[in-house]
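The values are calculated or read from the model by the stated rules, or taken from the named source; none is laboratory data. Just so it is clear, the structure is predicted and the values come from calculations on it, not from any experiment. When we count neighbours, we look across all protein chains shown, and the Cβ atoms used for this are built from the backbone with ideal geometry, even at glycine. Just the protein is used for accessible areas: all its heavy atoms, side chains included, with ligands, DNA and RNA removed. Shrake-Rupley method; radii C 1.70, N 1.55, O 1.52, S 1.80 Å.
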Amino acid sequence: MSEDIIDTATRLERTDLRTPQRVRHATARRRVLTVQHVASITPHMKRVTFGGDLEDFVSLGFDDHVKLFFPDGSVDAQGTANMVGRDFTPRRHDRAAQTLQVDFAIHEAGPATQWASSCAKRGETLTIGGPRGSFVIPLSFDWHLLIGDETALPAIGRRLAELPAGTRALVIAEVDSKEDEMEFATKADAAIIWTHRNGAPAGASERLSKALAGQRLPPGDYYAWVACESLVAKALRGQLVAECGANPKWIRAAGYWRRGAAAVHEVYES
């Protein structure tokens with residue numbers, strides 16, 4: 001067999017191993033959890049540890065989403081509080097301890113921020129749903145690129161915690177100030193690039209784009225994961241393909257929020 005045929009077979013095998021997998025969870029349902037602990041990670045990030053009905057909880061992807069339900073300040077005809085759902089990343093699920101950690105980015109005063117700032121106390125309960133499924137991105141790339149703003153930090157932190165030793169990763173993250181930078185526990189060889197808004201509105205600048213353009217990317221095949229304001233995420237995906245040699249099949253770009261809108265979650269795949 002010629003070297004060309006061997007090389008082609010090897011490339012095809014590696015490509016197949018690098019295909020993300022979608023997994024549906026039969027155990028996805030609503031469950032009521034109880035707050036066990038609340039910690040301030042940075043001035044604009046709180047970590048809430050929940051316990052309770054987690055026996056069959058499953059989350060396989062680092063950017064999975066659970067739906068958390070918060071009172072929206074209104075009541076129905078029977079006087080019962082109306083609830084509104086918001087998507088959050090399961091930051092860490094400890095099956096042995098039956099706990100689930102969720103990080104809350106504290107920003108404008110929506111129902112989730114109001115709950116995390118004022119109501120999240122030990123003993124308080126909250127209803128969650130899902131995740132209905134997982135998007136599992138393989139580890140078998142030469143390196144990994146993770147880009148996002150505050151809303152992406154829980155998923156970025158989880159991914160870095162899951163990457164094995166010897167894995168190379170580059171993170172480009174936007175936060176308001178140096179005080180909002182986070183420490184990430186990881187065994188990977190990870191470089192973290194921070195960019196600061198310094199009081200400017202979130203999602204209104206090209207800081208992530210400029211930070212990406214300013215990097216000398218490592219050689220080899222990589223998977224690029226992007227999550228931030230929706231239009232910024234779409235633009236970054238285009239930049240990765242046009243300027244950074246990214247394989248369009250190896251990019252996941254998501255809008256975790258959109259300026260002027262509520263409860264937005266959009267994925268750009270083309």
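So the values come out like this:
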{"quantity": "Subset of region 124-167 (residues that are of a type in the set (D, E, K, R) and farther than 25 Å from ILE41 by Cα)", "calculated": "ARG132, ASP142"}
{"quantity": "Selected residue (criterion: farthest from ILE172 (Cα to Cα)) from residues of region 127-151 that are in contact with a Ser or Thr (Cβ under 8 Å, 6 or more places away or on another chain) and open to solvent by less than 40 Å² (accessible area, probe 1.4 Å)", "calculated": "PRO131"}
{"quantity": "Filter result (assigned to a loop (DSSP other than H, G, I, E, B) and out of contact with any Asp or Glu (no Cβ under 9 Å at 6 or more places or on another chain)) within region 41-53", "calculated": "ASP53"}
{"quantity": "Filter result (out of contact with any His (no Cβ under 6 Å at 6 or more places or on another chain), more than 24 Å from LEU217 (Cα to Cα) and small (Gly, Ala, Ser)) within region 176-202", "calculated": "GLY199, ALA200, ALA202"}
{"quantity": "Which listed residue is open to solvent by less than 50 Å² (accessible area, probe 1.4 Å), within 21 Å of HIS265 (Cα to Cα) and of a type in the set (D, E, K, R), from ARG91, ARG31", "calculated": "ARG91"}
{"quantity": "Residues (open to solvent by 20 Å² or more (accessible area, probe 1.4 Å) and hydrophobic (A, V, I, L, M, F, W, C)) located in region 212-233", "calculated": "ALA213, LEU217, LEU231, VAL232"}
{"quantity": "Subset of region 105-122 [surrounded by 12 or more Cβ atoms within 10 Å (Cβ to Cβ) and in a helix (DSSP H, G or I)]", "calculated": "PRO111, ALA112, THR113, GLN114, TRP115, ALA116, SER117, CYS119"}
{"quantity": "Per-region count, region 123-162, residues under 10 Å from the mean Cα position of the chain (by Cα) and part of a loop (DSSP other than H, G, I, E, B)", "calculated": "1"}
{"quantity": "Enumeration of residues in region 69-100 that are in a loop (DSSP other than H, G, I, E, B) and under 24 Å from GLY157 (Cβ atoms)", "calculated": "THR89, ARG95, ALA96, ALA97, GLN98"}
{"quantity": "Residue in region 234-254 that is in contact (Cβ under 8 Å) with a residue 40 or more places away in the chain, under 26 Å from PHE70 (Cβ atoms), of a type outside the set (Val, Ile, Thr) and open to solvent by less than 70 Å² (accessible area, probe 1.4 Å) present", "calculated": "yes"}
{"quantity": "Leading residue by the ranking (modelled with the lowest pLDDT) among those in region 247-270 that are in contact with a Phe, Trp or Tyr (Cβ under 7 Å, 6 or more places away or on another chain) and part of a loop (DSSP other than H, G, I, E, B)", "calculated": "VAL264"}
